[in-house]
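Here, each number is a calculation from the coordinates, and none is a lab measurement. Note that this is a predicted model, so its numbers are computed, not measured. Note that we place each Cβ from the backbone using ideal geometry, even for glycine, and neighbour counts take in every protein chain shown.
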Amino acid sequence: MLQRLIASNSISSVNPTLDQGNREVIELLAGWLNDLGFTTEIMPLADPRKANLIATLGTGPGGLVLAGHTDTVPCDEILWNNNPFELIEKDQRLYGLGTCDMKGFFPLAIEAAKTFLNQPLQQPLIILATADEESSMMGAQALAEAGKPKARYALIGEPTGMKPINMHKGIMVEKLVIEGRSGHSSDPSLGVNAMETMHKVLGELLTLRNELRDNHHNPLFRVDYPTMNLGCIHGGNNPNRICGQCELDFEIRPLPGMDMNVLQKTIRERILPFEQQDQVSISINHCHVPAYSADPDSAMVALCESLTNHTSESVSFATEAPYLQQLGMDVVVLGPGNIDQAHQPDEYLALDRIRPTIDFLTQLIGRCCL
């Protein structure tokens, strides 16, 4: 199963030239789960190349969701020692794009589910597969808007080294575009240089970054303050032309409890005054993923701590957990692999993680569904 999932290119990206669909992966999973007796629903998304899958075994009002995303990040094949779309077993590891983050979770969940095919489940088991977690969160947002699936508990199998995660930061991805006016560089009065305005914008953002670092802390996180990363910048096209446009993509990772709307308002208040000052046009577009924090008395957290013998922790990366929380589920993030292997050349899943993960999932299903 993993070999076929890895072979299917399901890269999602904010760059349209890299973005692929995930329908082939969804169809593979739906076929396998149909054959096992699951009832499957494929939920098409606005992009016809993309869909979610809700596969259900059993009926009832409660139950357990085993969730994961089917897309991967883009990869630079030149940096890989092997073809990223070919599953390679070497050095007690399985190499391939998505082995760790997180196609590798689905075969393990299906293997655990096989134990219960001939048992009368008291609560349903749902295997949920989503689209575009690595880019727009389109799949998870569509589920939240549709109000399904419904269940009592959910486990998201992101790579956590099999440690339960009960809290993570949010993420605000911001695209800022400054439009000036191009012209011949020999006469500055012929244009308005967007790059010069961007220089001022960068200064404001770095000041805001320091304020966020100094004023907000949560000791439960290894990086205990909200971070800001200036990710990429593009502007102009020739040294003898006044730069007519400049674009900056950056992100902020707020702590749980921080209001993203307030942060967005602060960014606009700091940046938009430069429009009038410099006679430029500034647009700010954003994509936000909320922070996640499990309830202090979460039964799911307590159960996963008991089954893994690990105390729950917090992480700085974002997941689909807040969207499943919106659907009323008690959510934990926990899966094989380590985040250090994700988004890297030669991504892998260690073979010694496979059996413990299947055993854990089997116990979890038994506790939540029997």
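Some observations on this one:
- Sorted on the mean count of surrounding Cβ atoms within 10 Å across their residues, most packed first, peptides 229-242, 147-160 read 147-160, 229-242.
- For the listed residue pairs LYS148/LYS169; LYS103/LYS163; LYS175/LYS265, the alpha carbons are over 20 angstrom apart in LYS148/LYS169.
- The chain - share of DSSP beta bridges that are antiparallel (%, nearest 5): 70 percent
- Annotation for GLU111 and LEU206: the two label points, set 7 Å from Cα along the Cα-Cβ direction, are 5.0 nm apart.
- Each Lys or Arg adds one and each Asp or Glu takes one away; over the other residues whose Cβ falls under 9 Å from the Cβ of ILE6, this sums to +1.
- Residue-count net charge about GLN326 - beta-carbon cut-off 13 Å; Lys, Arg +1, Asp, Glu -1: -1
- Look at where the Cα atoms of segment 144-159 and of segment 325-346 average out, and the two centres are 13 Å apart.
- Near GLY139: Cβ cut-off under 9 Å, other residues only, Lys/Arg at +1 and Asp/Glu at -1. The net charge is -3.
- Mean ellipticity per residue at 222 nm, deg cm²/dmol - from DSSP H runs of n ≥ 4 across the chain, formula -39500 (n - 2.57): -9000 deg cm²/dmol
- Between the listed residues HIS286, THR59, PHE85, the Cα displaced farthest toward the positive end of the dipole of the chain, a dipole computed from Cβ unit charges relative to the Cα centre, is found at THR59.
- Net lengthening on full extension, ASN309/ARG355 (0.36 nm per residue, minus Cα-Cα): 14.9 nm
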